[in-house]
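Nothing in this text is a laboratory measurement; each read-out follows from the coordinates by a stated rule. Owing to the predicted nature of the structure, the values given are computational and were not obtained by experimental measurement. With ideal geometry, Cβ positions are generated from the backbone for all residues, glycine too; neighbour counts draw on all protein chains shown.
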Amino acid sequence: MNREQERALLLFVVAIVLIATPVRALWLQTWWSPFAFWLSMIAVVALVHRRDNAA
Amino acid sequence: MQLNHFVLFFLAAALLGLYIAGSEIVERSSRWGRLGRNRFSYALALGVYATTWTLFGSVGFAAAEGYDFLAVYFGVTLSCIAIPILWAPVAELVDRYRLGSIADLFAFRYQSRVLGAAVSIFMVAGLLPYIALQLRAVAGGAAILVGEQPTEELGSVYAILLSAFAAVLGVRYADGRAHRPGLIAILAFESVFKLFALLVVGTAALFAVFGGFQGLSAHLEQHPELIENMTSPVMGESWIALVFVTMCAAFLLPRQFFVAFVQRPGPRSLKTARWALPLYLFAINLPVPILLWAGSELATPGMSPDVYVLVAVQSSALLQVLAFLGAVSAASAMILVSSIALSGMVAHYLVPPLLLPSPQSLLTRWAVFRRSTIIAVILAGLLIHFTLPRTRSLVDLGLASFLAVTHLLPGLIGTLFWRRATREGVLWGLIVGAASWAVLTATPLFGIQVDVSGLYALFGFMDPAARGPTIWLSFTAHAFVFVGVSLLTTRSTEERNAAEACREPRVTRLLQVPDSAEALLERLTSYVGKRTAIDEIYGAAAAADVYWPPRDRPELLRLITELEGRLSERIGPLAARTYVQGGRPMRTDALAERLRAFRELDSLGAEQRPSPAHAARRYLSLLMSELPVGVCTVDDHEDVVVWNAQLERMSGLEEDDICGNPLCEIPSPWWPLFDELAHQPSGSAIEREYDLGDRKIELRAQTAIIPGEPEEGRVFVVEDITALRQLERHVAHKDRLSSIGTLASGVAHEVGNPLTGILMVAKNLASDPGAEDAHERLGIIVDEAKRIHGIVQSLLAFSRRDETPVELQAIPVARVVKAAVELAKLEMEGCRIDLDLSADRPAMATPDGLTQVLVNLLNNARQACPRGATVYVRTRLDNGTVRVEVDDEGPGIPEELRERVFEPFFTTKPDGQGTGLGLSLSRQIVERFGGSLTHEPRSPRGSRFTVTLKAYEN
């Protein structure tokens, strides 16, 4: 498993915890917060992608 | 503006016509063609995931289950995060083995057409409801717009329109070429169009119904239950199951697999899709809650929330048409790609066994089959559309398909991560999964209810209507059977090889290829006929930029790789491999391939090979490479596995040109050397001298058998002893010269006796020249002088360092032996000679030299024999050599003296009967012929001297 895959796995585990465990109550406060959470997750992925590309 | 069916149909047809025209432009124009190869276009094309379910169904889903509808897209986002772990290895396999579908991948990994067929059947059954969903959504939307109830006739009209579009483009893109920019471009464009439509409609609804965001906020403050209805279902049990199912569907749905892997323009595309696809899905889902709340405000009682998108903008016919066209666009793209993807599976795995008489038919008529199957798939979707009860929501139909593809996950895990997985495990898991899917998910769609509440209760699920239990029960049963059966069954060799190839796809192409271009043509001809074979090979040669016939092996390999890939795209990987490789089992376990793989791994950056296993492999690889002796190993198929650096230097042949090829293809003198050794027992050694044109080389080679299953082979260790032998000869020459001096006293003794006799007789004769016996005395002098002359000649011959090459010729051994016996017979008084020359074959020697050797051996035998004894002379043929054995019945040579028998001046004869140079000279002569002279005791007594010469090879 290379570095990119290790980072992807770490990100995947964190995302699963946030999406599939009771922690998800945190981003269910308002009608727009699920979208905000979703967008921030995409932003993190994009940043990691950029870092992988730079590496 | 009053909308009617004619206007809607015309607009829908115009939009689809635009797509067809656009695809033509992109295909024909290099400038526009770039659009189809762009990584952002690719990411947008993956937006084919968003169908009418997203356009219409999401609002209905949100109305029933709140933000649970987002699970369908959160799953995709999770899947995209895992692209380097899950998608990238699959993409690599698809690229490397030119796979066209998930059925191809399973058939390849598990080496089973049956499994490919099972996956195809399951996918067709699972996806048809989804195709029906698209047709139904479009027909329902049109009915709403014209203010009618949806009817079968109305559904049929739009179904036929969409089917015709899919059939026209599907046939266009079913020609087997891997990447088609036109297809990617129109998929990207339709993704942009449906996004635009939904955003515009959502914004319009926001301002038309709520007067903007402030109005919406006020509305939600007045109705807090709306937010509660949206958020609370997310904490329920369906959420996780939906996320899981859609995570699988994101890349296992046949249309997603087709776009993501088969149509991938390049490696970077997948990385871009990692964030671009979730971002696209995010954008297209933003308006969904707004449309839900706006639609709720305007909808009449009893209206399905699935059409709230149209209701929310009911004040504007233009916006309604825009939303409708967005749905038409999404439905048409989904049907197009799904039908292409499914038709590939059907054409590879279902049609041939049922309809085609021969493999030739498959290849020559593949285009007809692909096009027929596309139309058949669309017609089947139509049939489901008419059959399904109208009470089912769009989400129910879509989820049924999603759940079906979830059952591909265990097999995929086996492909990527679990080598122990077997085809039986996957097949039985799939059967159980399909059965549970049929009972728990599919039959309820048709209004058939099976009471499974008891089963649910057994596992602690209280609500049989909930989505979670159905998904978990079905998947758990599948996974359990998959793992259990895999552990209980064993993998075939082919399966094990394919599993290995799937684990390290980047370093294994693993072709067992025909040896020549002619063999390739012959092999393909045997399957598909000469005309088709020539067409296919010429097509592949043009694509691979190879002129027929290929000039060398690398060109042949390039051609074969291209040919197999082209065939694989059309007839599946298994059939293609059989056509090109003649059905021989793929030897991915070939040691040469493994070692090549290791070398490629070693060449990767240090960051990528941190494991101890890699370090050990690298160490062994370096050790083998740097050994100061040449090492060549072959496997049980006599293919070269190792050709180390020292052997490269000795032979001038590079490892890459030798490894993986049959031993017999190595140029001379290496092949004859190894071939000779290969027939020797383990531990044998031989020494040979070869003329390489510009130089001579002397080699000492040893062999040993490598034990073990299933890779038994041989190792050859080769040492260049040219310099060593030259040094030995030089030293031996010096030794011989010095030995002349050292042994001068011995020689003086030999010469002194006859010389004394000569002097005495000469003196007597001088004092009495007229004596009666003067003549007799002169004879004595001559005889003694001859004896001295003989001794001197022998000494000269022994000390002469004659390196002039001997011109060997094929001589009739039996005839030379007879001549030697005739010569020796003169001195054979008292002995019998027993000749057995039945084994007669020409050998490489010179007649004079061989005669000299044989006369010497016969004289020795005669002198050793008592009177009346027999000297046996026999010829024998043995493994490419001719042997002449001379046996005597003398007392034999004592054991302690046997080692010295070929030493110069060593003799067991009485004084005056031998100089001790005969045998050493004979051995020298025979060795110059490339043969050998050996001695062994003869049973029960006596000695045997054997002259071994190379037989003449015609």
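Can you put B:95, B:451, B:104, B:694 in order, fewest other beta carbons within 10 Å first?
In order of increasing Cβ crowding within 10 Å: B:694, B:451, B:95, B:104.
Taking only the Cα atoms of the stretch B:5-405, how large is their convex hull per residue, in Å³?
137
Applying a 10 Å radius around every beta-carbon, put B:719-731, B:426-438, B:75-87, B:527-539 in order of their mean neighbour count, most first.
B:75-87, B:426-438, B:527-539, B:719-731
Please state, to two decimals, what the Cα-based radius of gyration of the stretch B:170-294 comes to when divided by 2.2 N^0.38 Å (N = residues).
Here the answer is 1.38, to two decimals.
What ranking, highest mean first, results for peptides B:212-218, B:650-656, B:131-137 when packing means the other Cβ atoms within 10 Å averaged over each residue?
So the peptides B:212-218, B:650-656, B:131-137, ranked by packing, come out B:131-137, B:650-656, B:212-218.
For B:24, B:899, which order do you get if you count the other beta carbons within 10 Å of each Cβ and list the fewest first?
Ranked by crowding around the Cβ, least crowded first: B:899, B:24.
Tally Lys/Arg at +1 and Asp/Glu at -1 over every other residue whose Cβ is under 10 Å from the Cβ of residue B:23; what's the total?
Taking every Cβ under 10 Å from that of residue B:23, the sum is +1.
Please give the contour-minus-distance gain from residue B:20 to residue B:522: 0.36 nm per residue of separation, less the Cα-Cα distance, rounded to one decimal in nm.
Here the answer is 176.6 nm.
Hey, fewest Cβ within 10 Å first, where do B:56, B:475 land in order?
B:475, B:56
How long is the stretch B:204-273 along each principal axis, judged by its Cα atoms, biggest number first, in Å?
Sorted from largest, the Cα extents of the stretch B:204-273 read 50, 33, 19 Å.
Between residue B:32 and residue B:228, how high is the FRET efficiency from 1/(1 + (r/R0)^6) when r is the Cβ-Cβ distance and R₀ = 60 Å? Nearest 0.05.
Once the sixth-power term is evaluated, E becomes 0.75.
For the stretch B:617-706, just the Cα set please: Rg and Dmax, both in angstrom.
Reported Rg and Dmax, both Å: 12.8, 38.
Roughly how crowded by other chains is peptide B:70-76, in terms of the mean Cβ count from those chains within 10 Å of each of its Cβ atoms?
The mean count of partner-chain Cβ atoms within 10 Å per residue comes to 3.
Which three semi-axes in whole Å describe the equivalent ellipsoid of the stretch A:3-54, each the square root of 5 times a Cα gyration tensor eigenvalue, listed largest first?
With the √(5λ) rule applied to the stretch A:3-54, the semi-axes are 24, 14, 4 Å.
What average count of beta carbons from other chains do you get within 10 Å of the Cβ of residues in A:17-25?
4
With each pseudo-label sitting 7 Å past Cα toward Cβ, what's the residue B:548-residue B:218 distance in nm, one decimal?
Label-label distance for residue B:548 and residue B:218, simple model: 7.9 nm.
Determine, for each peptide in B:620-631, B:942-953, B:763-774, the mean count of other beta carbons within 10 angstrom over its residues, then list the peptides with the highest first.
Packing order, densest peptide first, comes out as B:942-953, B:620-631, B:763-774.
Would you mind giving the mean number of other chain beta-carbons within 10 Å of the Cβ of each residue in B:212-222, as a whole number?
So the per-residue partner count for this stretch is 1.
So if I restrict to the alpha-carbon atoms in the stretch B:809-950, what is the Rg, and what is Dmax, the biggest pairwise distance, in Å?
Looking at the stretch B:809-950, its Cα Rg and Dmax stand at 14.1, 41 Å.
Need one number: nm distance between label points at residue A:10 and residue B:939, each 7 Å from Cα along Cα→Cβ, rounded to one decimal.
Rounded to a tenth, the inter-label distance reads 7.8 nm.
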